[in-house]
Each structure stands twice: as C-alpha cells, then as structure tokens.
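A.B. asks: I have a structure I would like to understand better, so I am pasting it below and will then ask my questions one at a time.
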Amino acid sequence: MAGLGTRFLPATKVVAKEMLPVLDKPLIQYAVNEAVEAGADTLVFVTNRYKHAIADYFDKAYELEAKLQEKNKEELLRLVQGTLPTHVRAIFVTQPEALGLGHAVLCARPVVGDEAFGVILPDDLIDHDGPGVLFQMAQLNADGRTGVIAVEEVAHHQTEKYGIVDVESINERSSCIRSMVEKPAPMNAPSNLAVVGRYVLPGRIFPLLEQLKPGVGGEIQLTDAIDGLLHEQSRVLAYRFKGIRFDCGNKLGLVRATLHMAMRDPALAPTVRDFLSKAPSGDGTAYLGQG
C-alpha cells in the first residue's frame, strides 16, 4: 500500500487511497476481510511513512467507543470494534522507496520468514457470493510450495498494462504457467490472461526477489521473481477466480464498485435502481458498465 494514489488527488493528499470508501467500508477493510476469511492470522501492511491513517483505523478508538457505549449504540460499537478480529495481529512495515511490487513484498520477509503467504492488492476489489478469492486460491496451496496467481482475460490491446501468463490448461479454473512477461506490447503477448491483485506464494520467492535487478519501469517486479520460480521447475498455477473484479485504482472503477455494492444492499438497492433507471441510457448500464 505504499503508492501515492495520484489518480485520486487532491483527496489522496491527506487520505490514503486504501482508505477511500466503497459505501461504508474503506478499500483496505474489504482486503482484510478477505484475508481473514482465507485463514490469515497475521496481516502485514506494507506502506509508506505517510499513511498513518491506516494504522489508526485498525487501532482501538477509546474515545469513540466510550461515546457509543454511553449512548447504547451497540450496533455501531460492534462495527468500530470489528475492523480487525481479536485473534488477528496487524504488523506495519515501511517501504522506504517505491521500488515496485516485488520490492514491497520483499519488505515483508522479516515477518513472513520461509512460510507460504498470500498477497492482496487492495486496489483490486473482488466481490463474490461464495468464498473470497484468496480462500479459493489457498485451497490450491495445500502443500505450501505451489504458487497460485489470480488471472482474468483482458482485451488484447490492454496487455501492456498487466503481467501476462502463458499457460498449459489443466481444468476450467486452473492452468500450469509456462512463462510470464511483465506488460508486453500486444504483438508480443503470449496470451490475454492478465495477472490481477491476488497471489499465494511459497517462501522461496524471497531469495529470488533479493537477487533481482530492476526490470520494467526501473522497479523490482514480482512477475520476474515468479518467472524465476518457473525456471526452477516449481509449480505455479494461474487461477481463473470466481467473482467480479473492480479496479479501484482509478475513479471509474471506484464508482462502479460503489454502485455494485449499493445494488447488493437491500436497504439501498431500490433507491439506487430507481436512480439508475433515470440514467441517460434508460437502463443504468451507462453507470454500472463492467467491473
């Protein structure tokens, strides 16, 4: 979470991008809920030195809780106290420079050690009626050594925005990855299967990250380290997740996610549906679009 969130300036001058709300929850809360559902009991937040609000959000708010208790607002009190379950610990690690996702992951090594671990990029909000994406992926990592990467199909002209995988199909959802390339031009892309913000990785990834030289954009790319796993004959799966992804790293994605979540709220849905019915297209599609 060490990025500066420049697409949301001026708001992100004082508010961390991960604290931007989708309805009544900030993006980071959706990510935490997904990680906890997947079985995580230690959450490592890789952030920069300016994002104190995230730590404050998960800390105890003594004065607020006392006021809510005094006024018998028990439901609101439970919401405030439930941002982080009592059995889960939060550890905050500072990434001193924005040197890429691979470097951000490497910053967590002193906490993670040699264990398998999950990575969630809060910008990618993925909604699903059943188990969350990280839970789905963790089931494929039962041996602790198999890497699992979430992917989805993108338009061919968009491949230069993503890490792209070349795969050998196993079944409808999972495929063995043969190779990966970071942000290839469309004519060089091996497929249109793009890596999105969920990973389950073995601890072996850390030594590979340490050995990497800066890649695309002068950054330490996680994609390059995963490609190193493949060269070691490690098993890495591309997983076509169940759910709808919203890219909340841009304004349109955040608006779409907010409308989507509002439509899933029984109290809000009728009013939102009425509002969308009056949209220029007449059926709301101009507002909702595709995640």
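A.B. asks: Please go through (1) modelled with pLDDT under 90; (2) open to solvent by less than 50 Å² (accessible area, probe 1.4 Å) for R235 and return the number of the only condition it doesn't satisfy.
C.D. replies: (2)
A.B. asks: I'd like to check something: does the range 262-278 contain any residue that is open to solvent by 40 Å² or more (accessible area, probe 1.4 Å), touching a Ser or Thr at 6+ places or on another chain (Cβ under 9 Å) and at pLDDT below 85?
C.D. replies: Checked the range 262-278: no residue is open to solvent by 40 Å² or more (accessible area, probe 1.4 Å), touching a Ser or Thr at 6+ places or on another chain (Cβ under 9 Å) and at pLDDT below 85.
A.B. asks: Something else now. Please work out which residue is surrounded by the most Cβ atoms within 10 Å (Cβ to Cβ), limiting yourself to the range 166-196 and to residues that are among the β-branched types (V, I, T) and at pLDDT 90 or above.
C.D. replies: Across the range 166-196, the extreme among qualifying residues is I177.
A.B. asks: Another question, if that's okay. Among the residues in the range 54-67, are any surrounded by 14 or more Cβ atoms within 10 Å (Cβ to Cβ), out of contact with any Gly (no Cβ under 8 Å at 6 or more places or on another chain) and over 25 Å from H128 (Cβ atoms)?
C.D. replies: yes
A.B. asks: Consider only pairs whose beta carbons are under 8 Å apart and that are at least six residues apart or on different chains; among these, list those whose first residue lies in the range 177-189 and is in contact (Cβ under 8 Å) with a residue 24 or more places away in the chain and whose second residue is surrounded by fewer than 17 Cβ atoms within 10 Å (Cβ to Cβ) and of a type in the set (V, I, T).
C.D. replies: E182/V216; K183/V216
A.B. asks: Residues being of a type in the set (V, I, T) and part of a loop (DSSP other than H, G, I, E, B): count how many of those fall in the range 1-29.
C.D. replies: 2
A.B. asks: Considering A38, A53, A90, A98, which residue is under 19 Å from L20 (Cα atoms), among the small types (G, A, S) and touching a residue at least 24 places away in the same chain (Cβ under 8 Å)?
C.D. replies: A53
A.B. asks: Does R49 count as in a helix (DSSP H, G or I) and at pLDDT below 95?
C.D. replies: So R49 fails the test.
A.B. asks: Picking from V181, V255, V167, which residue would you name as being closer than 16 Å to G102 by Cβ and β-branched (V, I, T)?
C.D. replies: Answer to the check: V181.
A.B. asks: Then there is this: Among helices (runs of 4 or more DSSP H) lying entirely in the range 174-275, which contain 1 or more residues that are under 17 Å from the mean Cα position of the chain (by Cα)?
C.D. replies: The helices (runs of 4 or more DSSP H) meeting that bar are 222-231, 251-263.
A.B. asks: Just need a number here: residues in the range 238-254 that are open to solvent by 50 Å² or more (accessible area, probe 1.4 Å), over 30 Å from I205 (Cα atoms) and out of contact with any helix residue (DSSP H, G or I) (no Cβ under 8 Å at 6 or more places or on another chain).
C.D. replies: Residues meeting the conditions: 1.
For (1) exposed (fewer than 15 other Cβ atoms within 10 Å of the Cβ); (2) among the aliphatic types (A, V, I, L, M); (3) closer than 21 Å to V80 by Cβ, each residue gets a yes or a no:
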| residue | (1), (2), (3) |
| --- | --- |
| G3 | no, no, no |
| T6 | yes, no, no |
| T12 | no, no, no |
| E18 | no, no, yes |
| P21 | yes, no, yes |
| P26 | no, no, yes |
| N33 | no, no, yes |
| D41 | yes, no, no |
| V44 | no, yes, no |
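A.B. asks: Could you tell me how many of the residues in the range 144-160 are acidic (D, E), crowded, with 17+ Cβ neighbours inside 10 Å and free of Cβ contacts under 8 Å to residues at least 40 places away in the same chain?
C.D. replies: Within the range 144-160, residues that are acidic (D, E), crowded, with 17+ Cβ neighbours inside 10 Å and free of Cβ contacts under 8 Å to residues at least 40 places away in the same chain number 0.
A.B. asks: Given (1) open to solvent by less than 10 Å² (accessible area, probe 1.4 Å); (2) more than 20 Å from R245 (Cβ to Cβ), identify the lone condition not met by E210.
C.D. replies: (1)
A.B. asks: Sticking with this structure for a sec: If a residue has to be open to solvent by 50 Å² or more (accessible area, probe 1.4 Å), over 22 Å from the mean Cα position of the chain (by Cα) and at pLDDT below 85 to count, how many in the range 80-109 make the cut?
C.D. replies: Total meeting the criteria: 1.
The values are calculated or read from the model by the stated rules, or taken from the named source; none is laboratory data. Because the structure is predicted, anything quoted here is derived from the model rather than measured. Cβ sites come from the backbone with ideal geometry, for glycine too, and all protein chains shown count toward neighbours. Please note that ligands, DNA and RNA were not included when accessible areas were found on the heavy atoms of the full protein model with its side chains. Shrake-Rupley method; radii C 1.70, N 1.55, O 1.52, S 1.80 Å.
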